[in-house]
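**Q** One structure, as structure tokens, below. Some questions next.
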There are 2 protein chains.
Amino acid sequence: LLSTRILTAVIAMPLFLGILYYGGIALWLLVSLLGSIGFWEFGRMWRAKGVEIDLAVGISACLALFAWAHFIPPGHRFSAPVLGTLVTLTILLTLVRQVARFRDRSVTDALIGLAGIFYVGWLLSHILLIRALESGLWWLAVAFFCTWAADTGAYFAGRAFGRRKLAPQVSPGKTWEGFAGGSLLAVITGALLAPYGTGIGPVWGAGLGLLISLVSVAGDLAESSLKRHCGVKDSGAILPGHGGVLDRFDSSLFVLPVVYYIAYWLYM
Amino acid sequence: LLSTRILTAVIAMPLFLGILYYGGIALWLLVSLLGSIGFWEFGRMWRAKGVEIDLAVGISACLALFAWAHFIPPGHRFSAPVLGTLVTLTILLTLVRQVARFRDRSVTDALIGLAGIFYVGWLLSHILLIRALESGLWWLAVAFFCTWAADTGAYFAGRAFGRRKLAPQVSPGKTWEGFAGGSLLAVITGALLAPYGTGIGPVWGAGLGLLISLVSVAGDLAESSLKRHCGVKDSGAILPGHGGVLDRFDSSLFVLPVVYYIAYWLYM
């Protein structure tokens, strides 16, 4: 399994980084693809628990959010009204469809689906929002490399020193020692990487690395608790050895927006 | 009961219309109050079904949305980024709190709470967004008077001619004949009222009245299905004879955003 995991990473990683670098339509299409698969996985997980998610409305709404983020990002005159129109249409469509097919548990299903649009579509759209910023590529690099550093550091530090459980009910494999090791590696990565292109110095870069480590663990635990709640092991199987899109991007879903708003409010 | 209902309306209606007319801080405070009670009612309904809604995050998020709508409405340079920051913080806080108090059904509870913020807070914030528009007071008048006309017309036409059930599973009292009567009264109200201040003529006003009648029934049915799903009769008892805030504003929650985006995109 570990070798499949490494092999997939060796193929997928350069592709992913290349498209991040290239940006533009290619990145928009990639995010649209990942988001659609991610929302489909969200629906599949809940189906295991007997909850029917409305995939038609959900995936359409995610795609609309990605189109908004790419073509009408903040700064554009119509950004807020278009976003508002999209969000409102999503809410009304979800509820109208729910009324039309009213069954005993359809209201719960509809509201979980609505929340899933924000969890998958809204959070993931921040890849595109960051990329559209000046020096956005560097902020994306900091976000992804610090997240991967935190993940990798936690894996090895946890294996070597792991003792005290971090969140035994949600994710039994995680330890405080692993978290400390991951944070250390993320801090180093942030301190080294941030000064190159983001305009913040090594000390602030280290702080950002620490914040990313914290937020990435929160994102990981949020997705783990979702899986545990639904009684599934992986969100999907799109990437051999890595599970599904939501498994691979669980931390990023939390890290990307946090990095985006820090970058935005620093350099507005 | 009918006389209590009329008495409450005679007292509350002029107060409500006076604050709509006055606008400003008074309206912002009123919407903040109604929204907080509305979200509390949302939580109370779900509690009847064993779902624990996070009231601290939910009411804070609603209040933040109302503050955004009043102080940083679309057109303001920071409208989209502030809205994005609020929505993101709401999602992350909801999920982090959910992980912190993980229990078997906490994920479902958290996602329903998140959806409730959009249902109550986001939709209701459009009172403030409409009021901030040029001739917004007139658009609000059209929205509320057509909604009340549709409601009143449906009541009397339903009593007089009601035969065929509209949505027996969700709201057994509603009939197609009532809907037709309500639509007729809303069309007349729209045709008479819209030309005074909105800048659209009587024919378009009639069309808007028809649309409002349709959307208001959808909003009513959405809230009815929510109550039926949770097994409660009224959302609350804040207004004697009228039930709770969500009972009173169920149609408006759908009508206000639709009227806002029509007005906005017509006169941007």
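**Q** Of all residues in segment A:132-145, which are more than 14 Å from the chain's Cα centre (by Cα) and surrounded by 24 or more Cβ atoms within 10 Å (Cβ to Cβ)?
**A** Of everything in segment A:132-145, those that are more than 14 Å from the chain's Cα centre (by Cα) and surrounded by 24 or more Cβ atoms within 10 Å (Cβ to Cβ) turn out to be A:TRP139, A:VAL142.
**Q** Hey, A:CYS230 hits all of (1) modelled with pLDDT of 95 or more; (2) farther than 30 Å from B:PRO81 by Cα; (3) of a type outside the set (D, E, K, R) but one; which does it fall short on?
**A** Here A:CYS230 meets the rest and fails (1).
**Q** Let me ask you something else. With B:ALA26, B:ALA69 as the choices, which residue is under 27 Å from A:HIS76 (Cβ atoms), at pLDDT 95 or above and part of a helix (DSSP H, G or I)?
**A** Answer to the check: B:ALA69.
**Q** So is B:PHE66 surrounded by fewer than 20 Cβ atoms within 10 Å (Cβ to Cβ) and aromatic (Phe, Trp, Tyr) or not? Before the answer, list the steps.
**A** Details: surrounded by fewer than 20 Cβ atoms within 10 Å (Cβ to Cβ): no; aromatic (Phe, Trp, Tyr): yes.
No: the conditions fail for B:PHE66.
**Q** Among what's in segment B:239-265 and is at the interface with chain A (Cβ under 10 Å from one of its Cβ atoms) and either over 8 Å from the mean Cα position of the chain (by Cα) or without any contact (Cβ under 8 Å) to a residue 60 or more places away in the chain (or both), pick the residue that is nearest to B:GLY38 (Cα to Cα). Full working, then the answer.
**A** Within segment B:239-265, the subset at the interface with chain A (Cβ under 10 Å from one of its Cβ atoms) is B:253-254, B:256-258, B:260-261, B:264-265.
Checking the rest, the ones that are also either over 8 Å from the mean Cα position of the chain (by Cα) or without any contact (Cβ under 8 Å) to a residue 60 or more places away in the chain (or both) come to B:257-258, B:260-261, B:264-265.
On the way: B:PRO257: 17, B:VAL258: 20, B:TYR260: 21, B:TYR261: 23, B:TYR264: 26, B:TRP265: 28 Å.
Looking at residues that are at the interface with chain A (Cβ under 10 Å from one of its Cβ atoms) and either over 8 Å from the mean Cα position of the chain (by Cα) or without any contact (Cβ under 8 Å) to a residue 60 or more places away in the chain (or both), I get B:PRO257.
**Q** One residue is enough: does segment A:187-204 have a residue meeting the conditions closer than 23 Å to B:LEU89 by Cβ, in contact (Cβ under 8 Å) with a residue 12 or more places away in the chain, more than 13 Å from chain B (Cβ to nearest Cβ) and not in a helix (DSSP H, G or I)?
**A** Taking every residue of segment A:187-204 in turn, at least one turns out to be closer than 23 Å to B:LEU89 by Cβ, in contact (Cβ under 8 Å) with a residue 12 or more places away in the chain, more than 13 Å from chain B (Cβ to nearest Cβ) and not in a helix (DSSP H, G or I).
**Q** In segment B:8-32, which residues are under 15 Å from B:PHE249 (Cα atoms), out of contact with any Leu (no Cβ under 7 Å at 6 or more places or on another chain) and surrounded by 13 or more Cβ atoms within 10 Å (Cβ to Cβ)?
**A** Scanning segment B:8-32 gives B:ALA9, B:PHE16, B:LEU17, B:LEU30.
**Q** Which one of these does A:GLY38 not meet: (1) farther than 29 Å from B:TYR261 by Cβ; (2) surrounded by 14 or more Cβ atoms within 10 Å (Cβ to Cβ)?
**A** (1)
**Q** While we're looking at this one, here's another question. Restricted to segment B:106-156, and to residues that are out of contact with any Pro (no Cβ under 6 Å at 6 or more places or on another chain), of a type outside the set (Asp, Glu) and not in a helix (DSSP H, G or I), which residue is farthest from the other protein chains (Cβ to nearest Cβ)? Quick ask: steps written out before the conclusion?
**A** Initial filter on segment B:106-156 (out of contact with any Pro (no Cβ under 6 Å at 6 or more places or on another chain)): B:106-122, B:124-125, B:127-128, B:130-131, B:133-156.
Those left that are additionally of a type outside the set (Asp, Glu): B:106-108, B:110-122, B:124-125, B:127-128, B:130-131, B:133, B:135-150, B:152-156.
Subsequent filtering for residues that are not in a helix (DSSP H, G or I) retains B:125, B:133, B:135.
Numbers: B:SER125: 9, B:LEU133: 11, B:SER135: 17 Å.
Filtering segment B:106-156 for residues that are out of contact with any Pro (no Cβ under 6 Å at 6 or more places or on another chain), of a type outside the set (Asp, Glu) and not in a helix (DSSP H, G or I), the one farthest from the other protein chains (Cβ to nearest Cβ) comes out as B:SER135.
**Q** Taking the options A:SER216, A:SER224, A:SER171, name whichever one is within 14 Å of chain B (Cβ to nearest Cβ), surrounded by fewer than 21 Cβ atoms within 10 Å (Cβ to Cβ) and within 22 Å of the chain's Cα centre (by Cα). Even if it seems obvious, please write down each step before you answer.
**A** Numbers: A:SER216 fails: surrounded by fewer than 21 Cβ atoms within 10 Å (Cβ to Cβ); A:SER224 fails: surrounded by fewer than 21 Cβ atoms within 10 Å (Cβ to Cβ).
Just a single option satisfies the conditions, and that option is A:SER171.
**Q** Can you find a residue that is outside any loop (DSSP other than H, G, I, E, B), of a type in the set (Lys, Arg) and surrounded by fewer than 19 Cβ atoms within 10 Å (Cβ to Cβ) anywhere in segment A:49-60? Full working, then the answer.
**A** Within segment A:49-60, the first condition is being outside any loop (DSSP other than H, G, I, E, B), and the residues that meet it are A:55-60.
Among the residues that remain, those that are also of a type in the set (Lys, Arg) are: none.
Taking every residue of segment A:49-60 in turn, none turns out to be outside any loop (DSSP other than H, G, I, E, B), of a type in the set (Lys, Arg) and surrounded by fewer than 19 Cβ atoms within 10 Å (Cβ to Cβ).
**Q** Sticking with this one: Has segment A:236-255 got at least one residue that is aromatic (Phe, Trp, Tyr), in a helix (DSSP H, G or I), modelled with pLDDT of 95 or more and closer than 28 Å to B:PHE78 by Cα?
**A** Yes: segment A:236-255 contains one or more residues that are aromatic (Phe, Trp, Tyr), in a helix (DSSP H, G or I), modelled with pLDDT of 95 or more and closer than 28 Å to B:PHE78 by Cα.
**Q** Give the residues of segment A:41-77 that are within 13 Å of another protein chain (Cβ to nearest Cβ), within 19 Å of A:PHE249 (Cβ to Cβ) and of a type in the set (Val, Ile, Thr), sorted by residue number.
**A** A:ILE53
**Q** In addition: Is it the case that some residue within segment B:142-155 is over 18 Å from B:GLY209 (Cα atoms) and among the hydroxyl-bearing types (Ser, Thr, Tyr)?
**A** no
**Q** Identify all residues within segment A:157-173 that are over 16 Å from A:GLY219 (Cα atoms) and assigned to a strand (DSSP E or B); write none if there are none.
**A** Scanning segment A:157-173 gives a single hit, A:LYS165.
**Q** So which residues in segment B:78-105 are over 27 Å from the mean Cα position of the chain (by Cα), of a type outside the set (Val, Ile, Thr) and within 8 Å of chain A (Cβ to nearest Cβ), if there are any at all?
**A** Filtering segment B:78-105 for residues over 27 Å from the mean Cα position of the chain (by Cα) gives B:96-105.
The next check asks that each one be of a type outside the set (Val, Ile, Thr); those that pass are B:97-98, B:100-105.
Across segment B:78-105, the qualifying residues are B:GLN98, B:PHE102, B:ASP104, B:ARG105.
The values are calculated or read from the model by the stated rules, or taken from the named source; none is laboratory data. Computed from a predicted model, the values in this text were never measured in an experiment. All Cβ positions, glycine included, derive from the backbone under ideal geometry; neighbour counts span all protein chains shown.
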